[in-house]
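Read through the structure below, which is laid out as structure tokens, and then see the notes.
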Amino acid sequence: QVQLVESGGGLVQAGDSLTLSCAASGLTFSTYSMGWFRQAPGKEREFVASITWWSGDSPYYADSVKGRFTISRDNAKNTVYLQMASLKPEDTAVYYCAASRERVTMNPMTYAYWGQGTQVTVSS
């Protein structure tokens, strides 16, 4: 059974940093691209960042987080991370990690497995 478990969310102030983790089990982690998505109240789920299974690819970021967020993965630990810096109130959302067999994708429909989400709240 595939499980993705996010952790690291919390309440922070604008300008602070936070790192999210997503531990995967039940799948061959190194063969999956991993993505982070977020969903704010009343809004649709949106792409945040993704990293492919191939080390030669560069990560992909939504324009809204480019230069502030960094996605990385540790295949030895079956874990993907999202380092978030210079957080803004508009970053407030539930953050989800997801796994896809597609090499490069920002489309949530191509992600087969999802975590339960972790809340990030940024106060002004």
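The figures follow:
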item: Sole residue being more than 16 Å from PHE29 (Cβ to Cβ), of a type in the set (S, T, N, Q) and in contact with a Leu (Cβ under 8 Å, 6 or more places away or on another chain), chosen from SER86, SER123; result: SER123
item: Count of the stretch 62-82 residues which are in contact (Cβ under 8 Å) with a residue 12 or more places away in the chain and either within 26 Å of GLN3 (Cα to Cα) or hydrophobic (A, V, I, L, M, F, W, C) (or both); result: 14
item: Hits in the stretch 19-36 - residues which are touching a Gly at 6+ places or on another chain (Cβ under 8 Å) and either open to solvent by 30 Å² or more (accessible area, probe 1.4 Å) or small (Gly, Ala, Ser) (or both); result: THR19, SER21
item: Where GLY42 falls short, out of the listed (1) of a type outside the set (Asp, Glu); (2) in contact (Cβ under 8 Å) with a residue 12 or more places away in the chain; (3) over 13 Å from VAL80 (Cα atoms); result: (2)
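The values are calculated or read from the model by the stated rules, or taken from the named source; none is laboratory data. Source: prediction; values computed, not measured. Here Cβ is always computed from backbone atoms with ideal geometry, including for glycine, and neighbour counts include all displayed protein chains. Please note that ligands, DNA and RNA were not included when accessible areas were found on the heavy atoms of the full protein model with its side chains. Shrake-Rupley method; radii C 1.70, N 1.55, O 1.52, S 1.80 Å.
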